[in-house]
1. Probe of 1.4 angstrom, ligands and nucleic acids ignored: what's the accessible area per residue over the chain, in square angstrom?
2. In deg cm²/dmol and to the nearest 500, what is the mean residue ellipticity at 222 nm of the chain if only DSSP H runs of at least 4 residues count, each as -39500 (n - 2.57), divided by the residue total?
3. Just the accessible area for residue 86, please: 1.4 Å probe, Å², rounded to the nearest 10?
4. When the chain is modelled as a GNM with alpha-carbon springs shorter than 10 Å, which of 91, 47, 60 fluctuates the most?
5. Just by accessible area at a 1.4 angstrom probe, what is the order of 95, 29 from largest to smallest?
6. Please work out how much accessible surface residue 42 shows to a 1.4 Å probe, ignoring ligands, DNA and RNA, in Å² rounded to 10.
7. Nearest 10 degrees, 0 to 90: what angle lies between the long axis of helix 35-45 and the longest principal axis of the chain (Cα atoms)?
8. State, as an integer percentage, the relative contact order of the stretch 53-124 based on alpha-carbon contacts under 8 Å between residues 6 or more apart.
Amino acid sequence: AWAPIFAISTHLALWTAAASLMCDTMRRTGANPEMGLALYRIFQEAGLPAPTMQMELPLGDDPDFIRWMYDVMCSLRPQIQQLNLSLEKLGDFDTLPERLQAEVAASSSVASWMAVVGAWARKA
């Protein structure tokens, strides 16, 4: 399973494969890529009031935006290999940035990145 926060990009097969592998790797190393969505409950469990929350979903199609995915995959690559996860769905890793960019460009749309969640509460 992969984070539904990337659901807006499901029409992009390569982007979706990379996002799925990224989220799977994060989960298997103990990180929670959907932590922001749990903040409502976590605040209350910590004895704080229910927080006010906001979500921002970065979208883009420019090369710098698309490169984020490749850069994160490069950072996670040692963990991916250590966990014996397959990079096969991503094809030639060395050409991944160009192929991701080409996929987004050919779709005439944008890719989505992980949502950024802000949460705040005021304790009286």
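The values are calculated or read from the model by the stated rules, or taken from the named source; none is laboratory data. Fair warning: this is a prediction, and the values are worked out from it, not measured in the lab. Note that each Cβ is placed from the backbone with ideal geometry, even for glycine, and that neighbours are counted across all protein chains shown. Remember, those area values only see protein heavy atoms, side chains included, never the ligands or the DNA or RNA. Shrake-Rupley method; radii C 1.70, N 1.55, O 1.52, S 1.80 Å.
1. For the chain, the per-residue accessible area is 58 Å².
2. Result for the chain: -15500 deg cm²/dmol, rounded to the nearest 500.
3. Rounded to the nearest 10, that gives 70 Å².
4. 47
5. The residues order as 29, 95, largest area first.
6. Accessible area of residue 42: about 50 Å².
7. 20 degrees
8. Once divided by the residue count of the stretch 53-124, the mean separation gives 64 percent.
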